[in-house]
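Read the structure below first, then the notes.
The values are calculated or read from the model by the stated rules, or taken from the named source; none is laboratory data. Being a predicted model, the structure only gives us computed values, none of them experimental. Heads up, the Cβs are rebuilt from the backbone with ideal geometry, glycines too, and the neighbour counts pull from every protein chain shown. Surface accessibility is based on the protein's heavy atoms, side chains included, excluding ligands, DNA and RNA. Shrake-Rupley method; radii C 1.70, N 1.55, O 1.52, S 1.80 Å.
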Amino acid sequence: MAVRNPFSSRATLKVGKQSYTYFALPALEKAGMGNLSRLPYSIRVLLEQALRNHDEYVVATKDVQNIAGWSKATAGQVEIPFLPGRVVLQDFTGVPCVVDLAAMRAAMKRLGGDARKINPLVPCDLVIDHSVQVDAFASRTAEQDNLKLEFERNQERYEFLKWGQQSLTNFRVVPPGMGIVHQVNLEYLASGVLTKKDGKETVAYPDTVVGTDSHTTMINGLGVLGWGVGGIEAEAVMLGQPTYMLLPEVVGMELVGKLPEGATATDLVLTVTQLLRKHGVVNKFVEFFGSGVGAMSLADRATIANMAPEYGATMGFFPVDAETCRFLAKSGRSAAQVALVEAYCKAQGLFWTPDAPVPEFSSTLRLDLSTIVPSLAGPKRPQDRVPLAAMQQDFRQGLSKDLLSRGFALPADQLANTATVADGSNARIGHGAVTIAAITSCTNTSNPSVMLGAGLLAKKAAARGLARKPWVKTSLAPGSRVVTDYLTKAGLLPALEAVGFHVVGYGCTTCIGNSGPLPAPVSQAIKDGNLVAAAVLSGNRNFEGRVNPDVKANYLASPPLVVAYALAGTVDIDLQKDPIGVDKDGKPVYLREIWPSQQEIADAIASSMSPEAFLAQYGKVDLGPAPWRKIKATKSDLFRFQRQSTYIQEPPFFTTMGKQAGTIGAIAGARALAVLGDSVTTDHISPAGNIKASSPAGRYLIENGVQAADFNQYGARRGNDRVMTRGTFANVRLRNLLAKQEGGFTTHLPTGEELAIYDASMRYQQAGTALCVLAGKEYGTGSSRDWAAKGTFLLGVKFVLAESYERIHRSNLVGMGVLPLEYLPGQTRESLGLSGHEEFAVAIDDGVQPRQQLTVTATDPATGASKTFEAQCRIDTPVEVDYYRNGGILQTVLRKLLAPAKAAPAAKKAAAKQAATKKPIAKKPIAKKPVAKKAPAKAAAKKPVAKNATKPMAKKPGKAKAKKPAKPAAKSKPNGKLAGKVAVAKKPAKAAAKPAGKGKAGGRSR
Ligand code: SF4
């Protein structure tokens, strides 16, 4: 085979005695692609991967040109392929990925292919960190007690993952009890520059990654380009497929100055989050530059990079520089590896220095670090920063504010409520009582300055005789064992224990909602007093219902502030003025007296951290704790799914699929399963937390012999579609406007009965009725959660109509074959006068184009009156059209692997054609431009449409396709014609939009 040398870029780099092949970016300048040093560093990394993978099939010359030609004008206009170097998974999202791989292996066998073809093709690491729950706390045995319970609850899942470890190639598992995925990635898995063999040569290339956790972004603090994708998309990458994205806008954020005394990296990131949210960075890259970056520790950079999902960006990038190399060396990476990173990045123009020319950005903003003040964020969203000085006032005002203003809507006569904690202490607590104080989350536990800061504060507090208040559930969950090592060496672990912060485990704990139940007397007191109890956690998410079902006000704060609030026992306090407690001598103790100085923190870091600690801890990371080592490993091509398992089941995604894709058809007669407001999170759609015994999922588990005490969390049951489908939209805080009660309920139409959403869905599906969801802005915000899309699909939802989407959730919906539609600018459910009681039809057919406008008809079944309006199809790329046509991304991949010779998909051809004609993909709604669109009636009359989710695909798609005219139907309207107004027709449009045959569901066949 000829040696690949795209654009004559193949070059050799000598580092020490080792020679590496690399694909030199400067060659592109010689090839006439302009001055690459004007590009943001993150775009240069995207360019390198395109250059290296250039093959005129997956990556075309036009793709390389498009990235090299990045500018303010072209950003967001063209689609590019991205082939990341590796994939990281955590267990909540990783288990379903491996379940899908096992199910794909089974499907491959059923369809006559080779099951062993289904393997990760790029290195894949799964870190088991999301399952540990804080049951035991404030005791020396807490870690062991929680670990024991974790293994009891997750035995089946862990056995399954051991199967994956043994049977899949290119797949490593970091066992439970070792650390949090992003911290392990930062400290151990990431290498800065990856290498792989190409014949006799070793090719070096930038470390890039996608992960199934939204905070995968943390690794950008190390100059590793990466972000979270849906589990479904990650599976496709694992299987060697590119992920497609629009060439992003890049916002440059200049940091200058340095943090003042008393401010922490957490305060900084909460400020950055607020600023970037305000600036608007959704779907954009953020790249940091300026003198403040040069002086910033890598840990602080990682903290800022971590919270990219909170500020809404795809990722926040810190290019490789001298500090990156220092961190790699200090964290135990070999001298040869560090030398490679430095030499490679310098050769490629990827090495940043403070005096380097500032690249061109889409827009810029500036932050002076010296203006940062101690802050919290909450009580319901991470972007709502509250300066510490304003905390008491802000909390008090929130008590009576209405729910839409993110308040708690307490009536005036309840503002002074208190209740007694009947635990022997008989303490009286009121609104704002801190019931959870958790040092948690990789955002902060990866940062020695705030962890040692918390320890130093605890030491000073303990010396004055302070401890946690008895109603506070305290926990310390380090993100890796290195943290415990340096806290111990600094002599600060005993101090943290003295004030109640014992290690409870190594994992996400409270950050993912695994805070465990509050002690019963505390929980009872909250109920007795109808109290707005508080949590203070060093996490990055505080959406309602995420942290703990008993706790309504959730504040994000630095680890030292977490300790401070545990000592105070309430957020209804001005910590800058009021004493935090009283010492042994009866003297008031003020926060300023026990707050550690920057010098004290720096000294503690210098005395307690060393590369040897990283090498020692990570040298044995594969072994895991004793219960992991005891699990018997099995190895087989196919996983033997057990019927009686309540954790791992074969999902029905592939059970009825055929070898060929079907065709896309109209949707008609759809009923709304839910009508939702703004900022509905993936946690509302697919909760990760507790399973209520009375919920459909709880009833299913009880019917299958599981006691309520052993339910575990939804997050841990993601390997079982039966539980997860029942749990979809089951969040106790969901507000479905179709139901009177809060939680996972809806009104079944037309009967008017209020039912659990799952039960209503089953009734609809039995009747062959398609379903839809109407939503507001930022639908699917929050953690990337593939079950939010999978569960939506399995509930029979054919389309979602929202004002806007969170990036990953939109892509996941398409990945599951659910159609995302968006109201046109200026239109909303309210402005269109939709109640959710209508029957909906969507005129979509096999000629659908990315971001095309589609006609939606809403008919009032009682009067027959109908409204038609245009909505934007949020299938954004030609490749996504192909995914949708195939019934999902995994079906697309499976069919490709089944018949590689016929693999040139229609979508890729369309993409190539699009590139060749230099026509950018429309970013905004396509206005005044006719797009080939068939009249719904015509489409319906000619095409068989899948009746429901489980109906097998159409058998002769080729024939159906051949019949479809390529030109617009004579009666079709140019897109955009109806934008901004609603057409009201008296006669129902049902007949026009309804597909032929019995099926109402439509959408696409699988
Ligand atoms: S600690 Fe929190 S942010 Fe980090 S991986 Fe776990 S859940 Fe995600």
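The set of residues in the stretch 772-800 being farther than 25 Å from E235 by Cβ and open to solvent by less than 10 Å² (accessible area, probe 1.4 Å) consists of C772, L774, A775, G776. Of all residues in the stretch 472-502, those that are buried (at least 23 other Cβ atoms within 10 Å of the Cβ) and within 16 Å of the ligand (Cβ to nearest atom) total 8.
Within the option set D578, D583, being open to solvent by 10 Å² or more (accessible area, probe 1.4 Å), over 19 Å from T264 (Cα atoms), touching a strand residue (DSSP E or B) at 6+ places or on another chain (Cβ under 6 Å) and at pLDDT 95 or above holds for one residue only, D583. Would you check if there is a residue in the stretch 714-728 being out of contact with any helix residue (DSSP H, G or I) (no Cβ under 9 Å at 6 or more places or on another chain) and either surrounded by fewer than 23 Cβ atoms within 10 Å (Cβ to Cβ) or at pLDDT 95 or above (or both)? The answer is no, given that none of the residues of the stretch 714-728 is out of contact with any helix residue (DSSP H, G or I) (no Cβ under 9 Å at 6 or more places or on another chain) and either surrounded by fewer than 23 Cβ atoms within 10 Å (Cβ to Cβ) or at pLDDT 95 or above (or both).
Residue-by-condition table, conditions (1) more than 30 Å from V3 (Cβ to Cβ); (2) touching a residue at least 40 places away in the same chain (Cβ under 8 Å); (3) buried (at least 24 other Cβ atoms within 10 Å of the Cβ):
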{"position": "R157", "(1), (2), (3)": "yes, yes, yes"}
{"position": "W163", "(1), (2), (3)": "yes, yes, no"}
{"position": "F171", "(1), (2), (3)": "no, yes, no"}
{"position": "V181", "(1), (2), (3)": "yes, yes, yes"}
{"position": "E187", "(1), (2), (3)": "yes, yes, yes"}
{"position": "V193", "(1), (2), (3)": "no, yes, yes"}
{"position": "G221", "(1), (2), (3)": "yes, yes, yes"}
{"position": "V224", "(1), (2), (3)": "no, no, yes"}
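Looking only at the stretch 109-129, residues that are open to solvent by 60 Å² or more (accessible area, probe 1.4 Å) and either within 16 Å of the ligand (Cβ to nearest atom) or outside any helix (DSSP H, G or I) (or both) come to 4 in all.
Since A234 meets every condition but one in (1) aliphatic (A, V, I, L, M); (2) away from the ligand (no atom under 15 Å from the Cβ); (3) part of a helix (DSSP H, G or I), which condition does it not meet? Here A234 clears every test but (2). Across the stretch 81-122, the number of residues qualifying as farther than 25 Å from A716 by Cβ, within 21 Å of the chain's Cα centre (by Cα) and aliphatic (A, V, I, L, M) comes to 2. Tell me, yes or no, whether the stretch 481-496 has at least one residue that is under 31 Å from the mean Cα position of the chain (by Cα), under 21 Å from Y618 (Cα atoms), of a type in the set (K, R) and part of a helix (DSSP H, G or I). Checked the stretch 481-496: at least one residue is under 31 Å from the mean Cα position of the chain (by Cα), under 21 Å from Y618 (Cα atoms), of a type in the set (K, R) and part of a helix (DSSP H, G or I).
All conditions in (1) touching a Phe, Trp or Tyr at 6+ places or on another chain (Cβ under 6 Å); (2) in contact (Cβ under 8 Å) with a residue 40 or more places away in the chain; (3) surrounded by fewer than 19 Cβ atoms within 10 Å (Cβ to Cβ); (4) assigned to a loop (DSSP other than H, G, I, E, B) hold for P627, with the sole exception of (4). Exactly one residue out of I605, I594 is open to solvent by 50 Å² or more (accessible area, probe 1.4 Å), out of contact with any strand residue (DSSP E or B) (no Cβ under 7 Å at 6 or more places or on another chain), touching a residue at least 40 places away in the same chain (Cβ under 8 Å) and away from the ligand (no atom under 16 Å from the Cβ), and it is I605. When restricted to residues that are in contact with a Cys (Cβ under 6 Å, 6 or more places away or on another chain) and not small (G, A, S), the stretch 406-447 contains 1. Against the conditions (1) within 16 Å of the ligand (Cβ to nearest atom); (2) in a helix (DSSP H, G or I); (3) among the aromatic types (F, W, Y), Y506 satisfies every one except (2). Each residue in the stretch 270-303 was checked for being within 17 Å of S214 (Cβ to Cβ) and charged (D, E, K, R), and 2 pass. Put simply, of L734, L749 the only residue that is over 29 Å from T655 (Cβ atoms) and open to solvent by 10 Å² or more (accessible area, probe 1.4 Å) is L749. A search for C-beta distances below 6 Å between a residue of the stretch 886-912 that is over 14 Å from I118 (Cβ atoms) and any residue that is modelled with pLDDT of 60 or more and not in a helix (DSSP H, G or I), counting only pairs 6+ apart in sequence or on different chains, returns N886/A661; G887/G817; G888/M816; G888/G817. Scanning the stretch 511-557 for residues that are away from the ligand (no atom under 12 Å from the Cβ) and either assigned to a helix (DSSP H, G or I) or free of Cβ contacts under 8 Å to residues at least 12 places away in the same chain (or both) yields a count of 10.
State yes or no: is S783 touching an Asp or Glu at 6+ places or on another chain (Cβ under 8 Å), in contact (Cβ under 8 Å) with a residue 40 or more places away in the chain and among the polar types (S, T, N, Q)? So S783 fits the description; yes.
Residue count for the stretch 586-628 satisfying the condition of being among the charged types (D, E, K, R), at pLDDT 95 or above and within 19 Å of M178 (Cα to Cα): 1.
Within the stretch 787-804, being closer than 25 Å to V99 by Cα and assigned to a strand (DSSP E or B) holds for V797, K798.
Could you check, for the stretch 551-563, whether at least one of its residues is within 25 Å of I436 (Cα to Cα) and more than 33 Å from the chain's Cα centre (by Cα)? Checking the stretch 551-563: not a single residue is within 25 Å of I436 (Cα to Cα) and more than 33 Å from the chain's Cα centre (by Cα). Among the residues making up the stretch 838-888, those that are assigned to a loop (DSSP other than H, G, I, E, B), among the charged types (D, E, K, R) and under 25 Å from T656 (Cβ atoms) are D845, D846.
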